[in-house]
Amino acid sequence: MRYPCILTLTVAHSLAPSNNQLQGLRAAIVGGGASGLLLAHRLLDAGCTVKIFEGRADPRGSDALEGRAYALGLGLRGRTAIRSCDEGLWQSVKGAGFGSDRFTIHLPFGAIDLRKPDPSREPSVLIYQTALCGALLDELERRHASDRLRMIFERKVEDVDPLTGAVDGDGETFDLVAGCDGVNSATRGAIAKRCPGFDVERVELPGSLKVVRLSSMPEPLAPDAVHLVPGKGGLAAFLEPTKDGACALLSWRPGGDADPGTITDADAARLLLADSFALIGAAFNTTAVGDQFVRQNSSRAATIRCNAYTYGRVALLGDAAHSTGGASGQGCNSALQDAAALADALLETGGDVAGALERYGNERVPEGHALLDLSVGPKGALRRARFGLSAVASSLLSKFGIGEPPLQTLLTTSLEPFADIRRRRDSTFGKFPSAEDFAQMRAKATAPMAPRDGRKTVRYARNPWDPPAPEAYYEVRFSPPRGFTYEALGSTAAKAEAGVTTTHRCSSLMEANALARRVLSRMPTLAIATFKVTSDSVRLLDAAARAPVAEAEDVWVGDFTDVVATAAAGAASPVGGGDNRAADDRQAVWDDMLQDLAEREAAEARTDVDEQWSAYLRSLQVTREIDAVAIGGENGPAPCPLCNGKGVRVMFGKESKCEWCDGQGYVKL
Ligand SMILES: Cc1cc2nc3c(=O)[nH]c(=O)nc-3n(C[C@H](O)[C@H](O)[C@H](O)COP(=O)(O)OP(=O)(O)OC[C@H]3O[C@@H](n4cnc5c(N)ncnc54)[C@H](O)[C@@H]3O)c2cc1C
């Protein structure tokens with residue numbers, strides 16, 4: 001692992017208003033992109049302590065051509081989310097971008113304006129991702145005092161424990177971990193690893209892209225508009241005006257004869273681009289453009305759909321939960337909305353993280369699913385054709401003030417929930433799940449073991465992770481006439497109160513007798529009762545005996561008075577003393593106790609998932625193995641990593657045989 005660069009942001013005093021409603025809440029934010037940084041603002045404003053882990057260098061000081069190079073359009077949704085912090089923050093972001101609301105597509109027969117500025121509404125702001133993050137970071141630095149904000153750059157998080165809130169196994173735990181780490185989220189991977197019902201659909205979008213920064217919008221394009229310019233050989237240029245020039249996003253379908261992504265010579269690159277775009281070729285025919293083009297790796301965009309956005313103490317936000325791969329220009333806008341929604345939920349629940357995550361999931365999962373549907377369009381040729389036609393029709397009709405504005409405009413310029421917009425398109429897309437359907441889906445996703453839908457399944461006589469069921473245990477009870485200190489189980493000093501019945505549960509008769517002897521050594525006249533407790537009986541072992549009980553299987557192993565004395569004095573309990581045999585026996589008793597203690601601790605440390613999984617298996621009441629392939633467990637083959645042993649995968653709501661394991665639920669070696 002690389003050594004992280006830790007920058008503790010220091011300012012003399014906090015400038016931000018703070019209502020301290022969430023004071024004491026400790027949050028880790030994995031990923032310092034748009035969603036992570038806005039969430040940090042909101043949480044710090046509310047009094048939280050925030051630690052941000054960002055895999056890359058500070059965007060303000062680095063050559064940001066890779067990854068964060070393209071310009072984003074922030075519409076009403078993103079704007080409103082940033083304003084949920086305050087107007088000042090939005091003004092800082094806006095100042096780093098360029099306002100534009102014109103969108104022109106250039107077709108062989110001429111240019112068409114798909115969207116024109118409307119004086120009654122604020123234009124979208126086009127801004128480089130680096131500039132957006134830079135503005136949010138500048139304001140974080142300016143507003144928040146160092147003791148509650150820690151920002152760690154160049155620290156790529158590898159694992160998160162959703163149940164304890166630990167990040168990368170560091171000793172520190174957090175009340176909330178926000179997975180804002182983008183399309184390849186490690187936080188999402190951590191949930192997938194631990195939560196069997198959690199499903200992620202990832203679809204790599206066709207096409208590769210690179211970004212070129214230009215000093216101005218190429219002639220003859222209008223300098224204040226976004227332009228889509230199709231080129232030769234499947235190349236397309238998406239040009240956006242920015243604060244100090246223009247951003248050209250070049251995309252193509254790879255794999256052709258002359259895949260632009262394989263070009264390594266800057267001159268060859270500039271010539272190819274100049275030749276491919278007749279309208280704006282001159283702007284690309286420069287050494288600077290060729291250099292930028294070959295210096296970058298081509299990117300592939302991917303969509304992400306998850307069946308839950310929360311698990312344990314973790315919430316997924318933005319692309320980590322629902323990437324659209326840039327398809328609708330709403331990814332960043334909705335990522336910012338996620339951040340605002342999570343902060344709102346925490347405030348509404350007064351910092352009850354579990355309650356807040358429930359609210360957040362209820363609100364944001366349908367939104368993420370709807371946005372993805374609306375971004376990638378419906379499935380099937382017929383539905384796609386209808387979708388295309390309705391887009392054209394609404395575009396034409398809206399010019400005459402009839403019907404809804406075109407989908408893209410509606411997404412960018414309204415705050416209507418994506419789910420409502422999607423539901424109105426059920427006839428084109430198919431039925432969108434109801435709120436109850438989503439709630440059920442989320443519950444099933446985060447249940448310890450998703451029901452396996454009657455398929456080949458793991459059948460155990462008992463859960464292999466369950467600790468062995470105790471056949472019997474022993475209870476030692478006494479009620480002393482006066483208080484005294486004695487050595488109890490696990491070498492701990494205990495105090496018996498006068499007149500109070502003290503009960504100890506021991507796992508073996510030997511342990512019970514050893515305990516009784518130690519107690520008697522402190523008060524020889526005491527009456528001690530030892531009971532044997534089984535699942536169907538409680539037996540007083542020898543009512544007449546004070547201790548040890550008759551037929552005990554143990555032997556006297558020595559006197560523990562020295563231990564009690566030192567333990568009572570607060571010192572560690574030594575083992576030893578007496579002849580060698582007694583010392584050995586004492587050691588054996590000690591070892592047994594320590595073993596019991598370790599087992600008890602292990603049983604207590606079992607996670608909720610283990611418990612619920614055990615309950616689930618118990619609910620099956622399976623008492624013998626059936627004649628089927630047992631997947632998982634100690635001897636069975638490992639569940640298929642793609643479908644997690646289900647044999648099927650659900651893609652866009654449709655169930656299909658898992659292509660990885662061919663429906664077996666496991667991969668044959
Ligand atoms: C070509 C293209 C054009 C787009 N245009 C638009 C647009 O016009 N409008 C719009 O709204 N959206 C657009 N999008 C989508 C938008 O870029 C994303 O949806 C948005 O950036 C998501 O924000 P985020 O905060 O969720 O994640 P990101 O912006 O991806 O930030 C994630 C951060 O996490 C860090 N990180 C990743 N892994 C780790 C780790 N393991 N540990 C620590 N840090 C980590 C990364 O370095 C990064 O800084 C476009 C996307 C593409 C591909």
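The values are calculated or read from the model by the stated rules, or taken from the named source; none is laboratory data. Keep in mind it's a predicted model, so treat the numbers as computed, not measured. Here the Cβ positions follow ideal geometry from the backbone for every residue, glycine too, while neighbour counts run over all protein chains shown.
When the stretch 115-124 is filtered for residues that are more than 13 Å from the ligand (Cβ to nearest atom) and within 35 Å of the chain's Cα centre (by Cα), the ones remaining, listed by number, are 122, 123. Looking only at the stretch 130-160, count how many residues are among the basic types (Lys, Arg), away from the ligand (no atom under 16 Å from the Cβ) and surrounded by fewer than 21 Cβ atoms within 10 Å (Cβ to Cβ). Count: 2.
Reported count of residues in the stretch 38-61, each being at pLDDT 95 or above, charged (D, E, K, R) and farther than 24 Å from residue 87 by Cα, is 2. For the stretch 242-251, indicate whether the set of residues that are touching a residue at least 12 places away in the same chain (Cβ under 8 Å), within 24 Å of residue 129 (Cα to Cα), touching a helix residue (DSSP H, G or I) at 6+ places or on another chain (Cβ under 8 Å) and among the hydrophobic types (A, V, I, L, M, F, W, C) is non-empty. Looking for residues that are touching a residue at least 12 places away in the same chain (Cβ under 8 Å), within 24 Å of residue 129 (Cα to Cα), touching a helix residue (DSSP H, G or I) at 6+ places or on another chain (Cβ under 8 Å) and among the hydrophobic types (A, V, I, L, M, F, W, C), one finds at least one in the stretch 242-251, hence yes.
Inspect the stretch 40-56 for any residue being out of contact with any strand residue (DSSP E or B) (no Cβ under 9 Å at 6 or more places or on another chain), among the small types (Gly, Ala, Ser), assigned by TED's automatic domain parsing to the domain that holds residue 312 and within 8 Å of the ligand (Cβ to nearest atom) and give the result as yes or no. No.
Residues are listed down the side, and each one gets a yes or a no for (1) at pLDDT below 80; (2) closer than 27 Å to residue 118 by Cβ; (3) among the charged types (D, E, K, R):
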| residue | (1), (2), (3) |
| --- | --- |
| 333 | no, yes, no |
| 360 | no, no, no |
| 375 | no, yes, no |
| 386 | yes, no, yes |
| 427 | no, no, no |
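Within the stretch 161-169, identify whether any single residue is in contact (Cβ under 8 Å) with a residue 40 or more places away in the chain and among the β-branched types (Val, Ile, Thr), and answer yes or no. The answer is yes; a qualifying residue exists. Which ones in the stretch 649-659 are modelled with pLDDT of 85 or more and either buried (at least 17 other Cβ atoms within 10 Å of the Cβ) or under 22 Å from the mean Cα position of the chain (by Cα) (or both)? If the condition is that a residue be modelled with pLDDT of 85 or more and either buried (at least 17 other Cβ atoms within 10 Å of the Cβ) or under 22 Å from the mean Cα position of the chain (by Cα) (or both), then 658 is the only one that fits. Does residue 127 meet the test of being part of a strand (DSSP E or B) and either within 13 Å of the ligand (Cβ to nearest atom) or not assigned by TED's automatic domain parsing to the domain that holds residue 368 (or both)? So residue 127 passes the test. Within the bounds of the stretch 231-239, is there any residue that is part of a loop (DSSP other than H, G, I, E, B), more than 16 Å from the ligand (Cβ to nearest atom) and modelled with pLDDT under 95? Checked the stretch 231-239: at least one residue is part of a loop (DSSP other than H, G, I, E, B), more than 16 Å from the ligand (Cβ to nearest atom) and modelled with pLDDT under 95.
Just to be sure, is residue 100 in the same structural domain as residue 342 (by TED's automatic domain parsing), in contact with a strand residue (DSSP E or B) (Cβ under 7 Å, 6 or more places away or on another chain) and under 22 Å from residue 413 (Cβ atoms)? Considered against the rule, which asks whether it is in the same structural domain as residue 342 (by TED's automatic domain parsing), in contact with a strand residue (DSSP E or B) (Cβ under 7 Å, 6 or more places away or on another chain) and under 22 Å from residue 413 (Cβ atoms), residue 100 comes out as yes. Based on what the data block shows, is residue 112 among the aliphatic types (A, V, I, L, M), in a strand (DSSP E or B), under 16 Å from residue 329 (Cα atoms) and over 37 Å from the mean Cα position of the chain (by Cα)? Answer is no for this residue. Only residues that are crowded, with 16+ Cβ neighbours inside 10 Å and modelled with pLDDT of 90 or more were counted across the stretch 107-123, and they come to 1. Within the stretch 310-325, the residues that satisfy the criterion of being in contact (Cβ under 8 Å) with a residue 60 or more places away in the chain and either outside the structural domain of residue 28 (by TED's automatic domain parsing) or touching a helix residue (DSSP H, G or I) at 6+ places or on another chain (Cβ under 7 Å) (or both) are 310, 311, 313, 314, 315, 316, 317, 318, 319, 320, 321, 323.
Inside the stretch 113-170, residues that are at positive phi and of a type outside the set (D, E, K, R) make up a count of 2.
Could you say whether any residue in the stretch 89-110 is away from the ligand (no atom under 14 Å from the Cβ), farther than 22 Å from residue 23 by Cα and among the acidic types (Asp, Glu)? There is no residue in the stretch 89-110 that is away from the ligand (no atom under 14 Å from the Cβ), farther than 22 Å from residue 23 by Cα and among the acidic types (Asp, Glu). In the stretch 450-462, the residue that is modelled with the highest pLDDT out of those that are within 21 Å of residue 192 (Cα to Cα) and surrounded by 19 or more Cβ atoms within 10 Å (Cβ to Cβ) is 450. Failed condition for residue 243, given (1) crowded, with 17+ Cβ neighbours inside 10 Å; (2) within 16 Å of the ligand (Cβ to nearest atom), with all others met? Here residue 243 clears every test but (1).
Restricted to helices (runs of 4 or more DSSP H) entirely inside the stretch 277-390, those with at least 3 residues that are under 28 Å from residue 211 (Cβ atoms), within 12 Å of the ligand (Cβ to nearest atom) and not hydrophobic (A, V, I, L, M, F, W, C) are 331-348. Can we say residue 251 is within 12 Å of the ligand (Cβ to nearest atom), within 30 Å of residue 39 (Cα to Cα) and hydroxyl-bearing (Ser, Thr, Tyr)? It is false that residue 251 is within 12 Å of the ligand (Cβ to nearest atom), within 30 Å of residue 39 (Cα to Cα) and hydroxyl-bearing (Ser, Thr, Tyr).
Listed here are the residues, each with its yes/no results for (1) surrounded by 22 or more Cβ atoms within 10 Å (Cβ to Cβ); (2) under 30 Å from residue 118 (Cβ atoms); (3) not assigned by TED's automatic domain parsing to the domain that holds residue 58.
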site	(1), (2), (3)
162	yes, no, no
165	no, no, no
188	yes, no, no
193	no, no, no
214	no, yes, yes
222	no, yes, yes
